[in-house]
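Taking it in order: structure first as structure tokens, then the write-up.
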Amino acid sequence: MNTSIAAPSIQPGADVLERILGARSCLIALEDADSEALIGQFRTLVRRTGQTVYLWSSDQGLSNLRDEHAENPGSQRLGHVLRYIQQSNHFGVYLLRQLPLPIAAPEVALLRQMARTPTGHVRRIVLLDAPKSLVDGLSDVIVRLSCLVKPAQRPRLRDGRWLL
């Protein structure tokens, strides 16, 4: 009888979300991301886990990924949504995409302020497809995370033990 135990499969997007939650700053730039695929993975993930992840774009405003039809009215403007995020006292991951260019100086200042201000809860502001000039301008307060999948390391035998 041949029985094999399969390794548990990781939900797509779960590793990226874990790295976002474990980041040292609340302001994060995701690089090398396929935004549409990642948003779809996050949507599936948050429906299963109950995490609170929001998506913002200038044309649709702020919406909860778990309940895609529930939107915050009046949240199409970046300044409004940044103030909403700043005033929120709850756990949340906020995905911001399609940022309007140029971003006004008060909005950049607000991003900097939120990145530097510690909160009693987890709050992550994630910039998707952010312009390089914006990310470089926030380099002192932003964490850059790559979404590229690292090639699997092959185990090797050393001194009678398998190592990665």
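The values are calculated or read from the model by the stated rules, or taken from the named source; none is laboratory data. Predicted model, so just to flag it, every value in this text is computed and none were measured. All Cβ positions, glycine included, derive from the backbone under ideal geometry; neighbour counts span all protein chains shown.
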Criterion: at positive phi and free of Cβ contacts under 8 Å to residues at least 60 places away in the same chain - qualifying residue of Gln98, Gln113, Gln87: Gln98
Whichever residue in region 80-111 is among the aromatic types (Phe, Trp, Tyr) and under 13 Å from Leu62 (Cα atoms) and, among such residues, is surrounded by the most Cβ atoms within 10 Å (Cβ to Cβ): Tyr94
Region 71-157: helices (runs of 4 or more DSSP H) wholly inside it with 2 or more residues that are within 16 Å of Ala29 (Cα to Cα) are 105-116, 132-137
Taking strands (runs of 3 or more DSSP E) that fall entirely within region 16-64, which contain at least 2 residues that are in contact with a Lys or Arg (Cβ under 9 Å, 6 or more places away or on another chain)? 27-31, 53-57
Given the condition modelled with pLDDT of 90 or more, in contact with a strand residue (DSSP E or B) (Cβ under 6 Å, 6 or more places away or on another chain), crowded, with 17+ Cβ neighbours inside 10 Å and closer than 23 Å to Gly13 by Cβ, answer yes or no: does some residue in region 112-119 qualify? no
